[in-house]
2 protein chains.
Amino acid sequence: MSNKIYFTPGPSQLFYTFEEHLKKALFNDIPSISHRSAVFIKILEETTGALKELLALPDGYNIYFLNSANEAWDRIILNLVEKSSHHFVNGAFSKKFYDFALAYNKSSSITQVNDGASFDNWDIPGEAELIGLTKNETSVGHSFLEEEIQHLRGKYPSKLIALDIVSAAPSLPINFEHIDSAYFSVQKAFGMPSGLGIWIVNEKCHEIALNRSKTTSLGSYRTLPNLKKFGDKHQTPETPNMLFIYILGKIAQDILQMGVKRMRNDTTYKAAILNQAIEDHPLLSHFVESIKHRSKTTIVAKTERASEILEFLNKKGLVIGTGYGAHKENHIRFANFPTHSKESVEMLCDLLEKIE
Amino acid sequence: MSNKIYFTPGPSQLFYTFEEHLKKALFNDIPSISHRSAVFIKILEETTGALKELLALPDGYNIYFLNSANEAWDRIILNLVEKSSHHFVNGAFSKKFYDFALAYNKSSSITQVNDGASFDNWDIPGEAELIGLTKNETSVGHSFLEEEIQHLRGKYPSKLIALDIVSAAPSLPINFEHIDSAYFSVQKAFGMPSGLGIWIVNEKCHEIALNRSKTTSLGSYRTLPNLKKFGDKHQTPETPNMLFIYILGKIAQDILQMGVKRMRNDTTYKAAILNQAIEDHPLLSHFVESIKHRSKTTIVAKTERASEILEFLNKKGLVIGTGYGAHKENHIRFANFPTHSKESVEMLCDLLEKIE
């Protein structure tokens, strides 16, 4: 790795043990062994086990390996939505999930507010089978509250809830009892290269998919019934990204070893000093107005001098994120992931202070 | 890497420059940069360019990045087949493509012969829109001849031909003028870890997909029109496996540098000595009877003492492949990929001779 530190919201800085695990994987020929071998079956079991423990998944929740969060949107619509889903949209990624539903000709519906705004209307059309929520809207730094998810769960107990936990897991605690499915990609808070997505589903999802599969095609190799058939044996339908599955398990074990509570306390501390740095700064202000909805892992500031700030920090070796999409020119984004040390975030805050 | 040499037909031995490119990628922060950055756009352009040159793709053939050959089967059926495809099946992988078509409720048809046997009936139902062929049936070591593909092309000029070039590309020359689409995964002859698939399509495929997209859903992020929309800008719809795309391009450049002709001559030489070793061996005989249909890159021998031979070679540090599926106990498979040096194959032949 170079001497730069990437505070970009993903792809981001690699986890600090990434290279060590990579070397060990190569030494042990992980990329050359068979994906049907006992060695790889054990690796898949270990990675799944470490993720289940790290995310505190309740019994009955299964983990499957995809290649991106985009693919998770695709699989969720194909497997779990017959006619309609409903999407709470306040940024580019929550919107994209809705667009995927439309691409499959679903008559899906949307509750849309301004980017980064919070929701106050929780009504959903009766026909919606699944509710799409975004724990952490990476494009603008808005975070869904646990009590909002819980409220929807109580109000619509028969609808499925699919929660986007990209750039949220494992930094933010999530109560999986309130949701049926969740998904993330590994190039955010897990500090890995892109190319692997994780899809979590509960028994209810499996039942719905199995029932639908009797009359409808849910796809080919990565239908839920097929993922379960192989997953129950700690295998995958196809030859997966074995190297990344191995390393993801090792990173999950490292975070468990470090202590989940400590990692989350650090996340809170780093978010607090970054938030303070934004508040104190004459050129910056928070984009998300509601304090309690501000993401701890993707902190977004408005500024009229975005490119100048990016360049200043870049010269000091710190790479921060531009705004996303329409906000490219007047937002800056800071990732706050487990690999970002307290010292590096303190340095970032100190440098921000120097920009006048 | 350990001291072992993997002659398994994939995942297989890593390409001998793999680690060097990996180190450089990490030093240059390839896993941390944005997939929308100018740097990555250039990488994608370079990888695409190197592959086009290496495979001698004619103008009008585009390259897209998927995650496996399984995904290519899936995307081909979704994008290019309205009602029916036809599949020439003589092994597990050609069969699987047919199964994918059935999973999507297509009324597809099949010409099936015994595993490893050649075809003599080239008739295809009129309703088939696409013909699925397998250049190299990795499960049993049968290779389709260029003149057979050409014969089908001449006989059915209006049907699409999709050619599976898994474990064939880049070792075996392929005349892309005779086919409309091809696909492979990188963990075979390109000597990379699994997790990346390459899909090649021509203009005719794009036209068909675009037309079909007006009335039917072809999927979401990886429909052909969407892949083309992003691909034309040297981008991908989603955050792809950037690290592997970078390394694949470098390996393609290395093979170009070494000389495609030399690599293919070496492939022929190594196949010849391996074939001779099988013929001379009292415990081994060729599984594919037709000499001209024997694969040069996946050489399959019948034997009643498979596990014993595997174990003997394994103790010497050479890992060879078991038989596939039903042939697990009485086949052995040898990969002959660009990363396998002539010396290593000579050593393999010498060791085989010692088994009595």
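The values are calculated or read from the model by the stated rules, or taken from the named source; none is laboratory data. Computed from a prediction, not measured in an experiment: that's the story for all the values here. No Cβ is skipped: glycine too gets one built from the backbone with ideal geometry, and neighbour counts run over all protein chains shown.
Go through the stretch B:134-162 residue by residue and tally those that are more than 30 Å from B:Glu329 (Cβ to Cβ) and either touching a helix residue (DSSP H, G or I) at 6+ places or on another chain (Cβ under 7 Å) or hydroxyl-bearing (Ser, Thr, Tyr) (or both).
Qualifying residue count, the stretch B:134-162: 8.
Please go through (1) more than 10 Å from chain A (Cβ to nearest Cβ); (2) under 21 Å from A:Glu19 (Cα atoms); (3) without any contact (Cβ under 8 Å) to a residue 60 or more places away in the chain for B:Phe27 and return the number of the only condition it doesn't satisfy.
Checking B:Phe27 against (1) more than 10 Å from chain A (Cβ to nearest Cβ); (2) under 21 Å from A:Glu19 (Cα atoms); (3) without any contact (Cβ under 8 Å) to a residue 60 or more places away in the chain, the one that fails is (1).
Just give me the residues in the stretch B:195-219 being over 12 Å from the mean Cα position of the chain (by Cα), outside any helix (DSSP H, G or I) and in contact (Cβ under 8 Å) with a residue 40 or more places away in the chain, in sequence order.
B:Gly195, B:Val201, B:Asn202, B:Thr216, B:Leu218, B:Gly219, listed by residue number.
Does the stretch B:201-227 hold any residues that are away from every other protein chain (no Cβ under 14 Å), in contact with an Asp or Glu (Cβ under 9 Å, 6 or more places away or on another chain) and closer than 28 Å to A:Phe97 by Cα, and which are they?
Matches in the stretch B:201-227: B:Val201, B:Cys205, B:Ile208.
For the stretch A:119-146, enumerate the residues that are surrounded by fewer than 21 Cβ atoms within 10 Å (Cβ to Cβ) and more than 19 Å from the chain's Cα centre (by Cα).
A:Phe119, A:Asp120, A:Asn121, A:Trp122, A:Asp123, A:Ile124, A:Pro125, A:Gly126, A:Glu127, A:Glu129
Residues that are closer than 28 Å to A:Leu152 by Cβ: find the helices (runs of 4 or more DSSP H) completely inside the stretch A:1-115 holding 3 or more of those.
In the stretch A:1-115, A:38-54, A:69-80, A:92-103 are the helices (runs of 4 or more DSSP H) which contain 3 or more residues that are closer than 28 Å to A:Leu152 by Cβ.
What is the residue count in the stretch B:228-263 for residues that are assigned to a helix (DSSP H, G or I), within 14 Å of chain A (Cβ to nearest Cβ) and without any contact (Cβ under 8 Å) to a residue 24 or more places away in the chain?
Number of matching residues: 2.
Can you name the residue in the stretch B:279-288 that is touching a residue at least 24 places away in the same chain (Cβ under 8 Å) and surrounded by 13 or more Cβ atoms within 10 Å (Cβ to Cβ) and, of all such residues, is farthest from B:Leu351 (Cα to Cα)?
Going through the qualifying residues, I end up with B:Val288.
Would you say A:Phe244 is more than 26 Å from A:Asp350 (Cα to Cα), under 19 Å from the mean Cα position of the chain (by Cα) and among the aromatic types (Phe, Trp, Tyr)?
yes
Can you name the residue in the stretch B:330-347 that is charged (D, E, K, R) and farther than 20 Å from B:Ser307 by Cα and is also nearest to the chain's Cα centre (by Cα) among such residues?
B:Lys342
If B:Val345 satisfies all but one of (1) among the hydrophobic types (A, V, I, L, M, F, W, C); (2) crowded, with 21+ Cβ neighbours inside 10 Å; (3) closer than 25 Å to B:Gly91 by Cα, what's the number of the condition it fails?
Going through the list (1) among the hydrophobic types (A, V, I, L, M, F, W, C); (2) crowded, with 21+ Cβ neighbours inside 10 Å; (3) closer than 25 Å to B:Gly91 by Cα, B:Val345 breaks only (3).
Identify all residues within the stretch B:225-258 that are of a type in the set (S, T, N, Q) and closer than 26 Å to B:Glu20 by Cα; write none if there are none.
Those that are of a type in the set (S, T, N, Q) and closer than 26 Å to B:Glu20 by Cα: B:Gln235, B:Thr236, B:Thr239, B:Asn241, B:Gln253, B:Gln257.
Looking only at the stretch A:175-197, count how many residues are over 20 Å from A:Glu129 (Cβ atoms) and within 14 Å of another protein chain (Cβ to nearest Cβ).
14
Being within 17 Å of B:Lys96 (Cα to Cα) and touching a Phe, Trp or Tyr at 6+ places or on another chain (Cβ under 9 Å) narrows it down to one of B:Leu163, B:Leu152, so name that one.
Being within 17 Å of B:Lys96 (Cα to Cα) and touching a Phe, Trp or Tyr at 6+ places or on another chain (Cβ under 9 Å) holds for just one of B:Leu163, B:Leu152, which is B:Leu163.
Identify, please: which residue in the stretch B:52-81 is acidic (Asp, Glu) and away from chain A (no Cβ under 14 Å) and is, among those, nearest to the chain's Cα centre (by Cα)?
B:Glu53
State all residues of the stretch A:164-185 that are of a type in the set (S, T, N, Q) and either touching a Cys at 6+ places or on another chain (Cβ under 6 Å) or more than 19 Å from A:Asp266 (Cβ to Cβ) (or both); if no residue qualifies, say none.
Within the stretch A:164-185, A:Asn175, A:Ser181, A:Ser185 qualify.
Listed residues A:His340, A:His327; which is surrounded by 20 or more Cβ atoms within 10 Å (Cβ to Cβ) and over 18 Å from A:Ala169 (Cα atoms)?
Just a single option satisfies the conditions, and that option is A:His327.
Show the residue pairs that are 6+ apart or on different chains and have beta-carbon atoms under 7 Å apart, the first residue being within the stretch B:103-114 and within 14 Å of chain A (Cβ to nearest Cβ), the second being at pLDDT 95 or above and exposed (fewer than 14 other Cβ atoms within 10 Å of the Cβ).
Every condition considered, the pairs that remain are B:Lys106/B:Lys83; B:Ser107/B:Lys83.
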